[in-house]
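The values are calculated or read from the model by the stated rules, or taken from the named source; none is laboratory data. Computed from a predicted structure; not experimentally measured. The protein model used for the area step is the full one, side chains on, heavy atoms only, and it has no ligands, DNA or RNA in it. Shrake-Rupley method; radii C 1.70, N 1.55, O 1.52, S 1.80 Å.
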Amino acid sequence: MTNTQMIITVALAVAGTVATRFLPYVLFSEGKPVPSVVQYLGHALPPAVFGLLVVYCLRNVAFTSGNFGLPELISLAAVAALYTWRRDMLAPMVVGTAVYMLLIRVM
């Protein structure tokens, strides 16, 4: 990449970042009600992303060899239990990751 191409690439990345940071404040000012589509996405996307993470994390697990996927299943159970108890997205992800890392070192 030439210097000009690097400068253009960085400038576009900065412009994209600035646009995505300030655009919501411009579109959804305090005086306007939030559109129903945005409210729906705010409620529907977090569980969908969580489900996508589960599928992504379990896609290459071999349930017929090695430790039969026990670290993954135990971590998944910990995530499900913590989410059911707290109804929070961050804590189950952190605890599930920690439990999985501990189990793959021990098992």
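Annotations
To keep it simple, each residue is scored yes or no on (1) open to solvent by 50 Å² or more (accessible area, probe 1.4 Å); (2) basic (Lys, Arg); (3) modelled with pLDDT of 90 or more.
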residue: LEU52; (1), (2), (3): yes, no, yes
residue: PRO71; (1), (2), (3): no, no, yes
residue: LEU76; (1), (2), (3): yes, no, yes
residue: LEU82; (1), (2), (3): no, no, yes
residue: LEU90; (1), (2), (3): yes, no, no
residue: GLY96; (1), (2), (3): no, no, yes
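- Checking each residue in the range 28-44 for being open to solvent by less than 90 Å² (accessible area, probe 1.4 Å) and not in a loop (DSSP other than H, G, I, E, B) picks out SER36, VAL38, LEU41, GLY42, ALA44.
- All positions within the range 5-50 that are modelled with pLDDT of 95 or more, of a type in the set (S, T, N, Q) and under 30 Å from MET93 (Cα atoms): THR17
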